[in-house]
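The values are calculated or read from the model by the stated rules, or taken from the named source; none is laboratory data. None of the values given here were measured: they were computed from a predicted structure. Cβ placement follows ideal geometry from the backbone for every residue including glycine, while neighbour counts extend to all protein chains displayed. Heavy atoms of the whole protein, side chains included, go into the accessibility calculation; ligands, DNA and RNA do not. Shrake-Rupley method; radii C 1.70, N 1.55, O 1.52, S 1.80 Å.
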Amino acid sequence: MPPESKPNDQNTAPERYNAPAREPYWQAKWDEAQIFKAGNNSSDPKCYVLEMFPYPSGRIHMGHVRNYAMGDVFARYKRAKGFNVLHPMGWDAFGMPAENAAIERNSHPGTWTYANIATMKTQLKSMGLSLDWSREIATCGPDYYRHQQKLFLDLLNKGLAYRKSSKVNWDPVDHTVLANEQVIDGRGWRSGALVESRELTQWFFKISQYSDELLDALGTLDKWPEKVRLMQANWIGRSEGMLLTWALDKKTAPNGHATLDIYTTRPDTLFGASFLAVAADHPLAKAAAEKNPKLATFCDECRRMGTSVADLESAEKQGFDTGIRAVHPLDKDWLLPVYVANFVLMDYGTGAIFACPSGDQRDLDFARKYKLPVVPVVLPAGADAAAFSIKDKAADGNGTMINSRFLDGMTTTDAFEAVAKKLEADTLGGRPVGVRKVNFRLRDWGISRQRYWGCPIPIIHCETCGAVPVPAKDLPVKLPDDATFDKPGNPLDRHPTWKNCACPSCGKPARRETDTMDTFVDSSWYYARFTDPQSETPIDPKAASYWLPVDQYIGGIEHAILHLLYSRFFFRAITDSGHGTGLNMREPFSALFTQGMVTHETYKSAAGKWLLPSEVSFKGEGDTRTALETATGKPAAIGSIEKMSKSKKNLVDPDDIIAHWGADCARWFMLSDSPPERDVIWTEAGVQGAGRFVQRVWRLIDDAASKSAAPGSTMPADFGDDALALRRAAHKALDGVARNIEGLRFNVAVAQIYELTNEFSAALPKSSQGLDWAIREAAGFLVKMIAPMMPHLAEECWSRLGYNTLAANQAWPQADPALLVDDRVTIAVQVNGKRRDELTIARDAKNGDIEAAALRLEGVVRAMEGRPAKKVIIVPQRIINIVA
RNA sequence: GCGGACGUGGUGGAACCGGUAGACACACAAGACUUAAAAUCUUGAGGGGGCAACCCCGUGCGGGUUCGAGUCCCGCCGUCCGCACCA
């Protein structure tokens, strides 16, 4: 920050706009007038603009500023366009950081959370966002989570929530389940303890029931980024294949295991099979291990193997022959060995595979290691049949069948059909040997968390009646305030009395569920709650059907799968279980925009410590720029540009920027230059540039106010050329800015505002009756165009122009179509595709006249070198190309 | 490994449907104002050649389609992102 400028002080030069002093004034004006309060009963078309609500982690960061600045531009613009806009804000307030803070301070998570909410709310207000604060919600409030508990019960009732035993990452020191992301090199990220795999009974939401629909409906989300839809499609992971039942050889199979089911997407390669493999946890493996201690040891080793990326890459394919033999479904005399293999996953398909080494790289690696047959069955297109063999690379594509008996010569697609038809017709023990089956990668959503600071799962466990839902009249199941946070583990579980209760069904002493819900449940329906946050039911059908779906949702790409997929599922699940009756929609967010991150240079002191940008001063410019640690005067290293983060200390505090430059400057900087979906680099120079523009607009409007025609003057009958040019520029900018805001291309909208500003500034020194009127008009347009982006400055300018209304209440002006097109156009003239001259001609000139004029041009004549024109291509108002 | 996106001046980037590449901004340079600086204003600028008019080259690289390609097609190279023992 340049020490010489002190915008916090009283204006020394009266023409300087003191943003930090004026912004709170206008914020108070908006508050008084309650202009951003959205009514649920309006005949105006609605527009629901939502940015992903923040986790109250302490203070807002620049990422928030960017996200909310974008949403606010869109919301304010839509208001100006006459929409009834809903633009709410709330807090994703449950979560582990609050509980960790409580452990560190030996206080309550709520204390920390609500203090953070208060701080961040003040900060957001200082940004001048057009938010309807009357709808504020915090997910940690019983007013919110009691409805979530009702939603849970209704899902349970519909069979969409259920309990099952599953394997989880268990941290033995912190006594809690950890998500896969929280396990680093096999150790808990907080405790450092070796994570154990534990079988626990957990609550699940049946997202898998919606696999097909969630995948298919992605096609309808045409206002979502292609990237996000693709990520979700991959995550859902649909594959088409067959479920095959293999008979096991009676002499070798364990008792009770007459058959083995496997899933395959390549039944066409069955004649290339050389072995079967099951996961270490597969029942067949367990049965075989009972009689074989060495196999039991191998299975234990497999289970211990981590599932991290590093583990998987370094892990070699390993297997153990169970001694069991299986009968090939297409040849009863063909027996294949059954292995236990470390690369087979229990929770995909059936946990068992048939391996075709010539057609799958893993199978090939495995076959080479254990000296199993490798029979090529697919000849890739273009390969020479005589010379074809499999070495160290499997042929996993399509082609022509070889070495495959009755399939030989068929394409892989035809072979799939042929095998499928045959195996569907064949029977084993009265059932078809093969059934076509669509398989999904998507698993059910485990929502149980062994934590305090989350929504309690409203269930009571009774020894007689089992898991009994808490009756709706007893909701909410409130978190006890007097939990203790002095040691790790679940404070609900060790609370002396909270979990004791009576069974709602039989009345006998029973125990409350002490797990709470994953916080992603909270954020899966908050957008619906915003439509009527006071409603006695979780969702008010009338309000929801008026406002939903969200018309524009904006947030980070990091939620491409998690939050956005959960919400798409949960919205379907709750509507299917009776909420929002009459809501005729399946998707909660009709348009999605994912914005880029805010990045900044990093700095390191001579001692190797990260330094805050505010702890560093600079010498020189460009390539010769060097940094010094201000406190010590020692040189500091300028490092790479990274996402702003606490760990690298490359943070700029929004409060400092707003206090020094004003919110408008910060907002303008965020919207300028970088396309919204890409990362933006926060630079001091960029902020200064934005700050200069704030002052420039103020100066120009101030100047225009004193020179231009009075507000409301009648339009002159005639405009001079200068006035007409300014009017054209203003109307074109209006039109362009509107379209670019609608398309969320804020950087381009900003550039168009700059262009108009340049024209405006050039016109100001001149004067005529027409020009004075045009200046008044252009000044009004300029103010209305910057209003969504720099709302405070817009108010200040609007007031300076002599109006006593609020700029925020002004309608977006209609651009005059007649002024959007010029009478005369300048078009380039090419000879053989190279630009040689340009031609300014009447917009509606006839092609013959254009051609004649073009051929007369000096540059054209020169380039033609006396040759005749073979052909003249005229694209009206675009280009002329003469082929010589 | 699979899937995807991107590659344009010193920098961020713009260019609707294939039609004047480099809008706009930052940084830079020169000038004006000033005792001086800041601020502000004016002007310049893709690279090369030329006094100039003007000419040649130019959107990662190599081909192609077209009157015309940053944009479309094929093949490379590079960067980034997502998923990943998914049968």
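May I ask you to list the residues in region A:263-273 that are open to solvent by less than 10 Å² (accessible area, probe 1.4 Å) and assigned to a loop (DSSP other than H, G, I, E, B)? Matches in region A:263-273: A:273 only. In region A:542-556, the qualifying residues are those that are part of a helix (DSSP H, G or I) and not small (Gly, Ala, Ser), and the one that is surrounded by the fewest Cβ atoms within 10 Å (Cβ to Cβ) is A:542.
Open to solvent by less than 20 Å² (accessible area, probe 1.4 Å) and more than 21 Å from residue A:74 (Cα to Cα): does that describe residue A:753? No; evaluated as a whole, the condition is false for this residue. Counting residues in region A:639-649 that are away from RNA strand B (no atom under 16 Å from the Cβ), touching a strand residue (DSSP E or B) at 6+ places or on another chain (Cβ under 6 Å) and either open to solvent by 50 Å² or more (accessible area, probe 1.4 Å) or closer than 30 Å to residue A:795 by Cβ (or both) gives one or more. Of all residues in region A:751-767, none that is within 14 Å of residue A:699 (Cβ to Cβ) and more than 9 Å from RNA strand B (Cβ to nearest atom) has its Cβ atom under 7 Å from the Cβ atom of a residue that is small (Gly, Ala, Ser) and open to solvent by 50 Å² or more (accessible area, probe 1.4 Å), 6 or more apart or on another chain. When residue A:416 is tested against (1) near RNA strand B (Cβ under 9 Å from one of its atoms); (2) in contact with an Asp or Glu (Cβ under 7 Å, 6 or more places away or on another chain), just one condition goes unmet, and that condition is (1). Using the structure shown, decide if residue A:703 is open to solvent by 20 Å² or more (accessible area, probe 1.4 Å), closer than 20 Å to residue A:795 by Cβ and more than 34 Å from the chain's Cα centre (by Cα). Against the criterion (open to solvent by 20 Å² or more (accessible area, probe 1.4 Å), closer than 20 Å to residue A:795 by Cβ and more than 34 Å from the chain's Cα centre (by Cα)), residue A:703 qualifies.
Conditions tested, residue by residue: (1) assigned to a strand (DSSP E or B); (2) of a type in the set (Gly, Ala, Ser).
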| residue | (1), (2) |
| --- | --- |
| A:468 | yes, no |
| A:484 | no, no |
| A:507 | no, yes |
| A:511 | yes, no |
| A:514 | no, no |
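Residues in region A:677-689 that are more than 8 Å from RNA strand B (Cβ to nearest atom) and assigned to a helix (DSSP H, G or I): A:684, A:687.
Being farther than 30 Å from residue A:172 by Cβ and either modelled with pLDDT under 95 or buried (at least 17 other Cβ atoms within 10 Å of the Cβ) (or both) narrows it down to one of A:494, A:529, A:512, so name that one.
Details: A:494 fails: farther than 30 Å from residue A:172 by Cβ; A:512 fails: farther than 30 Å from residue A:172 by Cβ.
Going through A:494, A:529, A:512 in turn, just one is farther than 30 Å from residue A:172 by Cβ and either modelled with pLDDT under 95 or buried (at least 17 other Cβ atoms within 10 Å of the Cβ) (or both): A:529.
Considering only residues that are over 12 Å from residue A:322 (Cβ atoms) and open to solvent by 10 Å² or more (accessible area, probe 1.4 Å), which ones fall in region A:244-262?
At the first step, the residues of region A:244-262 found to be over 12 Å from residue A:322 (Cβ atoms) are A:244-247, A:250-251, A:255-256, A:258-259, A:261-262.
Within region A:244-262, A:245, A:247, A:250, A:251, A:255, A:256, A:258, A:259, A:261 meet the criteria.
So for region A:415-422 (the condition being farther than 19 Å from residue A:244 by Cα, open to solvent by 50 Å² or more (accessible area, probe 1.4 Å) and free of Cβ contacts under 8 Å to residues at least 60 places away in the same chain), does at least one residue qualify?
no
Go through region A:363-373 and give me each residue that's closer than 23 Å to residue A:413 by Cβ and either β-branched (Val, Ile, Thr) or within 11 Å of RNA strand B (Cβ to nearest atom) (or both). Of everything in region A:363-373, just one residue is closer than 23 Å to residue A:413 by Cβ and either β-branched (Val, Ile, Thr) or within 11 Å of RNA strand B (Cβ to nearest atom) (or both), namely A:363.
Output yes when any residue across region A:798-806 is of a type in the set (Phe, Trp, Tyr) and open to solvent by 30 Å² or more (accessible area, probe 1.4 Å), and no when none is. So that I can check it myself, show each step before the final result.
Looking only at region A:798-806, we keep the residues that are of a type in the set (Phe, Trp, Tyr), and these are A:798, A:803.
If we keep only those that are open to solvent by 30 Å² or more (accessible area, probe 1.4 Å) too, we end up with A:803.
Yes, region A:798-806 contains a residue that is of a type in the set (Phe, Trp, Tyr) and open to solvent by 30 Å² or more (accessible area, probe 1.4 Å).
The residue of region A:677-700 that is farthest from residue A:619 (Cα to Cα), among those that are touching a Ser or Thr at 6+ places or on another chain (Cβ under 9 Å) and crowded, with 18+ Cβ neighbours inside 10 Å, is A:700. The residue list A:456, A:471 contains one member that is under 24 Å from residue A:204 (Cα atoms), open to solvent by less than 50 Å² (accessible area, probe 1.4 Å) and in contact with a Pro (Cβ under 6 Å, 6 or more places away or on another chain), which is A:471. Of all the listed residues (A:835, A:862, A:867), the sole one being open to solvent by 30 Å² or more (accessible area, probe 1.4 Å), without any contact (Cβ under 8 Å) to a residue 12 or more places away in the chain and more than 12 Å from residue A:825 (Cα to Cα) is A:835.
So for region A:632-650 (the condition being of a type in the set (Val, Ile, Thr) and assigned to a helix (DSSP H, G or I)), does at least one residue qualify?
No, region A:632-650 contains no residue that is of a type in the set (Val, Ile, Thr) and assigned to a helix (DSSP H, G or I).
With the requirement that a residue be small (Gly, Ala, Ser) and within 16 Å of RNA strand B (Cβ to nearest atom), what does region A:526-582 give you? Within region A:526-582, A:555, A:556, A:560 meet the criteria.
Being open to solvent by less than 10 Å² (accessible area, probe 1.4 Å) and either in contact (Cβ under 8 Å) with a residue 24 or more places away in the chain or touching a Phe, Trp or Tyr at 6+ places or on another chain (Cβ under 6 Å) (or both): is that true of residue A:147 here?
Spelling it out, residue A:147 is indeed open to solvent by less than 10 Å² (accessible area, probe 1.4 Å) and either in contact (Cβ under 8 Å) with a residue 24 or more places away in the chain or touching a Phe, Trp or Tyr at 6+ places or on another chain (Cβ under 6 Å) (or both).
With respect to the conditions (1) within 21 Å of the chain's Cα centre (by Cα); (2) surrounded by 23 or more Cβ atoms within 10 Å (Cβ to Cβ); (3) farther than 18 Å from residue A:668 by Cβ, residue A:98 lacks only one, and its number is (1). Looking only at residues in region A:191-238 that are within 28 Å of residue A:555 (Cα to Cα) and basic (Lys, Arg), the one that is nearest to RNA strand B (Cβ to nearest atom) is A:227.
In the set A:672, A:640, which member is under 30 Å from residue A:744 (Cα atoms) and modelled with pLDDT of 85 or more? Being under 30 Å from residue A:744 (Cα atoms) and modelled with pLDDT of 85 or more holds for just one of A:672, A:640, which is A:672.
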